[in-house]
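Heads up: the structure comes next, in structure tokens.
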Amino acid sequence: MVKDITSRDSKQFHINLLGCGNLTFYNVAISAPKDSLNTDGIHIGRSSGIDITDSAIETGDDCVSIGDGSGQINIQRITCGLGHGICVGSLGKYPNEEPMVGISVKNCTFINTQNGVRVKTWSASLIKTLPLKCILKILS
């Protein structure tokens, strides 16, 4: 479990998970200016069993981004601000991408984001199931 940490003004992704399993983020605070590019709060790639709970993420890019090969990702009770919101994908752009299964987003609050949850796909994407059980609060 990763809990009670703060990351500020990273030049790229604040937290980048690749090939991780069974990891929980709790009470994590991430911030970067609105005009900062490629400053995803938490990027998840080819990982499973990832929980992000009770956290605040404000960046100039995606609060949470989820790439191919990821599954059983649970995001709940996060406050997401400034950037693009939560992004699933981009999927199907490159050959041999792994499928994505079991993504859940619940009880999240989005403040001044371009999107709530967006799914970016190309025609060849391999999304098997994507249960976005979203209960969202959109605040402007």
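By the rule of a C-alpha distance below 12 Å, with chain neighbours fewer than 8 residues away ignored, the aspartates and glutamates paired with LYS93 are ASP68.
Using a simple spin-label model with pseudo-atoms 7 Å out from Cα toward Cβ, TYR94 and ILE5 lie 2.4 nm apart. Put simply, the amide H of VAL105, placed in the peptide plane, has neighbours under 5 Å in ILE75, LYS133, leaving out anything fewer than 5 places away on its chain.
Phi angles across region 17-32 convert, under the Karplus curve 6.51 cos²θ - 1.76 cosθ + 1.60 with θ = phi - 60°, into 3J(HN,Hα) values of 9, 9, x, 9, x, 6, 10, 10, 10, 9, 6, 9, 10, 10, 8, 7 Hz, Gly and Pro given as x. Backbone amide hydrogens, once placed in the peptide plane, bring GLY60 within less than 5 Å of ALA32, SER36, THR39, excluding anything fewer than 5 places away on its chain.
Report the Cα centroid-to-centroid distance between region 93-108 and region 6-52 in angstrom, as an integer. That distance is 16 Å.
Phi angles across region 102-112 convert, under the Karplus curve 6.51 cos²θ - 1.76 cosθ + 1.60 with θ = phi - 60°, into 3J(HN,Hα) values of x, 9, 10, 10, 9, 6, 9, 10, 10, 10, 6 Hz, Gly and Pro given as x. With the Cα gyration tensor of the chain giving a ≥ b ≥ c as the square roots of its eigenvalues, does the rule (a/c under 1.5 for rounded; else a/b larger than b/c for prolate; else oblate) give rounded, prolate or oblate? In terms of gyration-tensor shape, rounded. Rounded to the nearest 20 debye, the dipole magnitude of the chain is 300 debye, with +1 charges on Lys and Arg beta carbons, -1 on Asp and Glu beta carbons, and the Cα centre as origin. The solvent-accessible area of LEU23, taken with every protein chain present and a 1.4 Å probe, is close to 40 Å².
The values are calculated or read from the model by the stated rules, or taken from the named source; none is laboratory data. As the structure is a prediction and not an experimental result, all values here were calculated from the model. Every residue, glycine among them, receives a Cβ derived from its backbone with ideal geometry; neighbour counts consider all protein chains shown. Surface accessibility is based on the protein's heavy atoms, side chains included, excluding ligands, DNA and RNA. Shrake-Rupley method; radii C 1.70, N 1.55, O 1.52, S 1.80 Å.
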